[in-house]
């Protein structure tokens with residue numbers, strides 16, 4: 001009888017222990033769930049706040065906004081490149097007297113073809129009339145090459161602007177210098193005489209502003225030569241400044 005009671009007691013005690021352990025586990029699980037929820041609620045609140053901020057910033061169509069920002073970034077980079085080009089000295093290749101003559105003939109032929117396409121009358125020797133026969137001295141060849149590059153850019157800009165004629169180009173064939181705020185700058189003086197409409201002249205001046213280097217317009221004289229055709233004759237004195 002005693003053995004039977006002992007066995008029943010052991011079974012009962014074991015059951016009670018198992019129940020207690022199970023209850024303890026459930027209690028711990030409930031506590032853990034409560035702690036998890038208590039930690040989760042603030043995080044959800046933070047996420048909701050961030051979502052509200054994102055919606056205010058990005059709007060209802062974030063893809064469109066991001067695409068617009070990319071376009072704006074591209075435009076800024078393009079403007080930055082243009083500004084850098086304005087203050088970047090073009091890389092002019094040194095030349096010999098004979099190679100300059102070859103460069104002059106090539107530029108003259110190329111610009112004649114482009115001018116003919118636009119029915120534009122072009123000053124034949126681009127300001128280098130004395131070198132159509134003579135060979136320049138070696139000491140000034142680099143200056144002449146730089147002038148030729150600058151003139152080629154200016155004439156191309158004029159052709160693209162649709163002017164009617166470039167009647168005269170005057171060059172000094174020397175680098176002059178000026179001191180500004182204790183800094184010395186070299187420049188090339190250039191004179192142009194152009195016939196065009198007012199719109200074409202405006203387009204040409206805009207093209208100058210886009211060219212590498214710095215062009216300073218010293219004088220601009222405009223007179224009407226044909227009011228019926230709105231034709232103007234413009235004398236421009238400018239300086240190409242080396243920096």
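Scanning the range 161-179 for residues that are surrounded by fewer than 18 Cβ atoms within 10 Å (Cβ to Cβ) and either more than 28 Å from the chain's Cα centre (by Cα) or at pLDDT 95 or above (or both) gives 167, 168, 170, 172, 173, 174, 175, 176, 177, 178, 179. Residues of the range 112-127 that are part of a helix (DSSP H, G or I) and more than 14 Å from residue 164 (Cα to Cα): 113 alone. Scanning the range 182-208 for residues that are more than 16 Å from residue 243 (Cα to Cα) and surrounded by fewer than 14 Cβ atoms within 10 Å (Cβ to Cβ) yields a count of 4.
The values are calculated or read from the model by the stated rules, or taken from the named source; none is laboratory data. Bear in mind the structure is a predicted one, so any value in this text is a computation, not a measurement. As a convention, Cβ positions derive from the backbone with ideal geometry for all residues, glycine included, and neighbour counts pool all protein chains shown.
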